[in-house]
Each structure stands twice: as C-alpha cells, then as structure tokens.
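Inspection log for the structure reproduced underneath, given as structure tokens.
The values are calculated or read from the model by the stated rules, or taken from the named source; none is laboratory data. Keep in mind the model is a prediction, meaning the values are calculated, not measured. All Cβ positions, even for glycine, are placed from backbone atoms using ideal geometry, and neighbour counts span all protein chains on display. Ligands, DNA and RNA are stripped out before the accessible areas are found, and what is left, the full protein with its side chains, is counted by its heavy atoms. Shrake-Rupley method; radii C 1.70, N 1.55, O 1.52, S 1.80 Å.
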Amino acid sequence: MKSEFKAAAWLQDKNYSVFWRTQDNDVIDFVAVHRVTGKAILVDVKTASFRKTWKPGTMIGRNQSKYQKQLGVKILYVFKNGECKWKK
C-alpha cells in the first residue's frame, strides 16, 4: 500500500487525478486521468524487487495477466528511494 501512495503522489505531480479501486485483489490499483488531456491510464503498482542469488542485483520483472493485457493496464514500478518508472 505504501508503494501505491508513492505512485499516486508521483502521478499527481505530473498533473494526473487519481481514482482508487473499490475492491481488494482487483486487476488495477487505480485509474489516473490527466487533468489537461483527459487521457486515462489503468495502473497496477509494483514495488521494485531485486534478485539476491541468481543474477544478483537484477530487477525481478512482473508480468501482466492476460486480463490486464486485454484492458491495457500499465505496470508502474516504485523503488525504495521513491522513484517511479513505467514498465517498458
């Protein structure tokens, strides 16, 4: 939940309004709508994790479910330092 708040604050700084989910275990964490363009993004927030053994230090990638792909959900990684990056 902490990562979700950091991600929401990051998007709000980029001129997005954030609308939170109303159900637990949903395929999205929130919807972000740009205040000028009206573009909506379905967001799934992931805390960035790094491997300790196999290929130490490399980031563990998270994949979208089939349903998330159908909906066009974007994954947003949140790092310990508060930095946020979209999954490519």
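Couple of notes before you dig in:
- Stretching the chain fully between PHE19 and SER49 yields a gain of 8.2 nm (0.36 nm per residue, less the alpha carbon separation).
- The mean sequence separation of alpha-carbon pairs under 8 Å and at least six residues apart, normalised by the residue count of the stretch 1-86, gives a relative contact order of 25 percent.
- Among residues other than GLN64 with Cβ under 9 Å from its Cβ, the summed charge is +4 (Lys and Arg +1, Asp and Glu -1).
- Near TYR16, once Lys and Arg are set to +1 and Asp and Glu to -1 for all other residues with Cβ below 11 Å from its Cβ, the sum equals +2.
- For mean projected area of the Cα convex hull in nm², calculated from these coordinates, the label among [x] 5.2; [y] 7.6; [z] 6.5: [z]
- The chymotrypsin sites (Phe, Trp or Tyr not before Pro) found in the stretch 13-88 that occupy coil by DSSP, while having at most 10 further C-beta atoms within 10 Å, are TRP54.
- Legend: residue pairs LYS2/LYS66; LYS55/LYS80; LYS55/LYS87; LYS14/LYS52, Cα-Cα distance threshold 23 Å; pairs beyond threshold, LYS2/LYS66; LYS14/LYS52.
- Carbon-plus-sulfur accessible fraction, the chain (probe radius 1.4 Å, protein heavy atoms only): 52%.
- FRET E, pair VAL33, THR58, Förster distance 41 Å, beta-carbon r, rounded to 0.05: 0.75
- Solvent-accessible area per residue, Å², over the stretch 5-88 with all protein chains present [probe radius 1.4 Å]: 70 Å²
- Cut-off 15 Å between beta-carbons: net charge of the residues surrounding LYS6, Lys and Arg +1, Asp and Glu -1: 0
- On Cα atoms only, tilt of 2-13 relative to the major axis of the chain in degrees: 50 degrees
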